[in-house]
Amino acid sequence: TPVPVAIVGAGPAGLMLAHLLGRAGIETIALDTRTRHEIETTQRAGILEADIARDLVETGVSDRILADGYEHEGIELRFGGQAHRIDFQDLVGESVWLYPQTDVFVDLANARQRDGGTVLFGIKDTEVLDITTGNPRVRYTAPDGTRHEIRARYVVGADGSRSMCRGLVPEDRRVRYGKEYPFAWFGILTEAPMSAPELIYAHSAHGFALISQRTETVQRMYFQCDPEENVDAWPDDRIWETLQARVAGPDGFRLKEGPVFEKSVLKFRSFVQEPMRWGSMVLAGDAAHTVPPTGARGLNLALHDVKVLAEVLVRAFGSEGENALDDYQPQALQRVWRAQNFSYWMTQMLHTAPGGSDYDLRRQLGELDNVVGTRAGRTYLAEQYTGWPTRPTA
Ligand code: DHB
């Protein structure tokens, strides 16, 4: 008998969908070309919206976030060498949680194992067939080299920013919207104490830097770099000199330094593909849309997609049938475009474009002053950083 839902991609989006459907008594098979170890050790995002954190606890994924996560009631915007706090609690009554995506993944993978869900890691040569029928199939090669086929009622493409599934929507029936940026992020992990109690998003004439955290003894930091930058050209001294210069100011602020034990260049772009559904296949998370990392929207957006998608799929397996799926894209897409705008806005406000002029730099400082200088400006940022409701608003 066919499985109700086959999920291509077992990252946070795919596994959260499997978890939510499992709670509703709907069986899934999730599969991923990466091994569990590969996913667990690839550094990704770090910030969860309060309602996403709540969902992880209340739907029974894990309450580890309450013990190991850090609730942040605001962020710091740093520019002109000065600190400006955006107080989320005061402005919008919300917090966010510092809890790495790798931990979200571990919690979800453990929950699937605990609940007897099927997740296949390290598979190869995934093929998705017959999505314009009610009997789609997924073929794959298992780690032992044997070829298998899964028959399903629906296939969900949750296979990330390099999605294979989104390419199955016929070229003449899909639209791709996107934007490239002339910079990337250099990301590091360092063994050092926290430099500040909250995240610091820093604008400087030398470029952007983000001071984030992982634990009391491990910190995550990023600085704007050329997309073709080579990490081997960056010994620790050079990394620290660069980061210190981007947060320096008359207040004498300094980052607490330590050995750098992980470094990588993270390229990014803005991207949306519509439609998010083709026949019996539905796209969720980065497979359908990606955002630049500034503002920490990507993971949150993906998890909101699957929250809507789980509800719609439960209805589709109930009395409503396939028509229920029509509600998915309209509910997901408003949030997607709001996040596209916020991520773009934060990115352009905080990064220096190569070849930019002094005018550009001063205009950015004017924009940042407009944001921090009034309660309305700070509230605009706080509302978006802490998330939007899952339901569309008029
Ligand atoms: C982290 C990443 C982000 O893109 C962001 O906006 C905030 C934090 C992080 O990895 O900690």
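The values are calculated or read from the model by the stated rules, or taken from the named source; none is laboratory data. It should be emphasised that the depicted structure is a prediction, and the values quoted were computed from it without experimental measurement. Don't worry about glycine lacking a Cβ; one is built from the backbone with ideal geometry, like all the others, and counts go over all protein chains shown.
Of note:
- Counting only strands (runs of 3 or more DSSP E) that sit completely within the stretch 136-227, those holding 2 or more residues that are within 16 Å of the ligand (Cβ to nearest atom) and of a type in the set (A, V, I, L, M) correspond to 184-191, 200-202, 209-213, 218-225.
- For Phe261, the conditions (1) part of a strand (DSSP E or B); (2) surrounded by 20 or more Cβ atoms within 10 Å (Cβ to Cβ) are fulfilled apart from (2).
- The sole residue among Val265, Val247 that is within 16 Å of the ligand (Cβ to nearest atom) and in contact with a Lys or Arg (Cβ under 8 Å, 6 or more places away or on another chain) is Val247.
- Counting only residues that are away from the ligand (no atom under 16 Å from the Cβ), without any contact (Cβ under 8 Å) to a residue 24 or more places away in the chain and either crowded, with 20+ Cβ neighbours inside 10 Å or in a helix (DSSP H, G or I) (or both), the stretch 338-394 holds 13 of them.
- Test: Leu98 is more than 16 Å from the ligand (Cβ to nearest atom) and either among the β-branched types (Val, Ile, Thr) or modelled with pLDDT of 95 or more (or both): no
- Residues in the stretch 10-35 that are within 17 Å of Ala142 (Cα to Cα) and either free of Cβ contacts under 8 Å to residues at least 24 places away in the same chain or among the basic types (Lys, Arg) (or both): Arg34 only.
- The single residue among Asp125, Asp103 that is away from the ligand (no atom under 16 Å from the Cβ) and charged (D, E, K, R) turns out to be Asp125.
- Residue satisfying condition, being without any contact (Cβ under 8 Å) to a residue 60 or more places away in the chain, within 15 Å of the ligand (Cβ to nearest atom) and not hydroxyl-bearing (Ser, Thr, Tyr), within set Ile47, Ile75, Ile65, Ile86: Ile65
- The stretch 317-337, residues that are of a type outside the set (A, V, I, L, M, F, W, C) and assigned to a helix (DSSP H, G or I): Gly321, Glu322, Asn323, Asp326, Asp327, Tyr328, Gln329, Pro330, Gln331, Gln334, Arg335
- Checked against the criterion of being assigned by TED's automatic domain parsing to the domain that holds Leu299, more than 27 Å from Leu309 (Cβ to Cβ) and hydroxyl-bearing (Ser, Thr, Tyr), the candidates Thr146, Thr126 yield just one match: Thr146.
This table checks each residue for (1) buried (at least 18 other Cβ atoms within 10 Å of the Cβ); (2) charged (D, E, K, R).
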{"position": "Glu198", "(1), (2)": "yes, yes"}
{"position": "Tyr201", "(1), (2)": "yes, no"}
{"position": "Arg220", "(1), (2)": "yes, yes"}
{"position": "Gln224", "(1), (2)": "yes, no"}
{"position": "Glu228", "(1), (2)": "no, yes"}
{"position": "Ala245", "(1), (2)": "no, no"}
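- Some residue of the stretch 309-329 being β-branched (Val, Ile, Thr) and within 16 Å of the ligand (Cβ to nearest atom): no
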